[in-house]
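Student: Before we start, here is the structure in question, set down as structure tokens.
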Amino acid sequence: MTTSHMMEFVCAGLAGCGAGIFTTPLEVVKIRMQLQGELLRKGHYTVHYRNCVHAFYTIVTTDGILALQKGLVPALWFQLIHNGTRLGSYQIIINTGFTKDSEGNVKWGRYLLAGAVSGGFGAAVASPFYLVKTHLQARANRAIAVGTQHQHDSMTKGFKKILKREGIKGLWRGTMAAVPKSTVGSAVQLGTFSTSKDYITSLMLFEPGSVFNAFFASIVAGLCIVACMTPFDVVATRMYNQPVNNQGHGTLYKHVPDCFIKILHEEGLLSFYKGWGPSFFRLVPHTILSLVFWDQLRLLHHKWTSDVSDPT
């Protein structure tokens, strides 16, 4: 791997971390709302979080304002590894010319395929950090607790407990739900972002290297990803957070299709959009921040390397 390839991963990972610092509170709220009423019909469980704003208020007044940053450490590690792998490998695929035909025309379907492959790969690599992050963010005061409550209170303790009870395989529990989630989400996000950016740039509304080209393209990508990825996100949250038996097998869901079927049967179709509000308010700014940071870091890197190679 060349230094240029390595920098693609570094820029992408740092961009994800930069966005994650700002969006972790919304991730906490989203996780809580997705776990609320697990496998129960509406009206048969206590509603602790009525909506996004109420969830913020409830968490702050019950658990304190710092609870909104629960799971920040594994969340940043996840962003560094997941986005570093996902965006870095995506850009390397772009650099090969795969997304254009022999005449140089952009092919949107190839953008989607490149995004899907890189997204699934990134999710598989970073899955252990998402597992512990979900456990920590779901953990709450008994008065407002939803879903399974895992007792570890730090990333290190979480890894140690899982390794001791389930072995190294246990760290990748839930990955089969994360891969389709990230495959769909990444394909839509990156495919839409790249296509939109190319189109906005072609309109010459802004300078070719202007941050506004990436900004408006990322808004389009953020809106699309929320609509397409939320059902997969709900399933992934449930798979990661479910309790396990002594053999390390989930006690609520056998596998991803079983999770889809049980949620549909027990909670109804709309339950796949639980937490849609915080998911929207998290994913759109996270998409904007991470993709704009990524775009600008790459521009800075390319400018710096060109200055070094041509000191005049």
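The values are calculated or read from the model by the stated rules, or taken from the named source; none is laboratory data. Remember, predicted model here, so these are calculated numbers, not experimental data. Cβ sites come from the backbone with ideal geometry, for glycine too, and all protein chains shown count toward neighbours. Heavy atoms of the whole protein, side chains included, go into the accessibility calculation; ligands, DNA and RNA do not. Shrake-Rupley method; radii C 1.70, N 1.55, O 1.52, S 1.80 Å.
Student: What aspartates and glutamates sit close enough to K303 to cross-link, taking a C-alpha to C-alpha distance under 15 Å and skipping anything fewer than 8 places away on the same chain?
Tutor: The reachable aspartates and glutamates, counting only those whose Cα sits under 15 Å from K303, are E8, D295.
Student: Of the listed pairs K164/K262; K133/K169; K169/K254; K107/K197; K181/K254, which have alpha-carbon separations greater than 19 Å here?
Tutor: Pairs exceeding 19 Å: K164/K262.
Student: Rounded to whole Å and ordered largest first, report the semi-axes of the equivalent ellipsoid of the range 91-217 derived from its Cα gyration tensor (root of 5λ).
Tutor: 40, 18, 11
Student: Moving on to the next point. Give a residue-ordered list of calculated ³J(HN,Hα) values for the range 5-10 (Karplus: 6.51 cos²θ - 1.76 cosθ + 1.60, θ = phi - 60°; whole Hz; x for Gly, Pro).
Tutor: Along the range 5-10, the couplings run 5, 4, 5, 4, 5, 5 Hz.
Student: Share of the range 185-312's accessible area from carbon and sulfur, percent, 1.4 Å?
Tutor: Taking all protein chains in place, the range 185-312 shows 71 percent carbon and sulfur surface.
Student: Here is a further query. Calculate the tail of P(r) for the chain: the fraction of all Cα-Cα distances greater than 33 Å, expressed in %.
Tutor: For the chain, the share of Cα pairs beyond 33 Å comes to 26 percent.
Student: Compute the helix-to-body angle for 155-166: its Cα long axis versus the longest principal axis of the chain, expressed 0 to 90° and rounded to tens.
Tutor: 60
Student: When the chain is treated as a GNM, springs tying every alpha-carbon pair under 10 Å, which of G109, G222, G277 comes out with the largest mean-square fluctuation?
Tutor: Most flexible of the set in this elastic network: G109.
Student: If I build a Gaussian network model for the chain, linking alpha-carbon pairs within less than 10 angstrom, which residue out of L291, L283, L39 has the largest mean-square fluctuation?
Tutor: Highest fluctuation of the listed residues: L39.
Student: List the equivalent ellipsoid semi-axes of the range 176-312 in whole Å, largest first, each obtained as the square root of 5λ for an eigenvalue λ of the Cα gyration tensor.
Tutor: 39, 18, 10
Student: What is the distance in Å between the Cα centroid of the range 235-310 and that of the range 83-162?
Tutor: For the range 235-310 versus the range 83-162, the Cα centre distance is 6 Å.
Student: Do any chymotrypsin sites (Phe, Trp or Tyr not before Pro) in the range 13-101 lie in a DSSP loop with no more than 15 other beta carbon atoms within 10 Å, and if so, which?
Tutor: Y45, F98
Student: Compute the acute angle (0 to 90°) between the alpha-carbon long axis of helix 256-267 and the principal axis of greatest extent of the alpha-carbon atoms of the chain; round to the nearest 10°.
Tutor: For helix 256-267, the angle is close to 60 degrees.
Student: Could you work out how far helix 175-203 tilts from the main Cα principal axis of the chain, as a 0 to 90 degree angle to the nearest 10?
Tutor: Here the helix axis deviates by roughly 30 degrees.
Student: Normalised by the empirical 2.2 N^0.38 Å for globular proteins, what value does the Cα Rg of the range 177-243 take?
Tutor: In units of the globular-protein estimate, the range 177-243 measures up at 1.39.
Student: Given the Cα atoms of the range 36-163, and with Rh set as the inverse mean 1/r over their pairs in the Kirkwood sense, what is Rg to Rh to two decimals?
Tutor: Ratio of gyration radius to Kirkwood radius for the range 36-163: 1.14.
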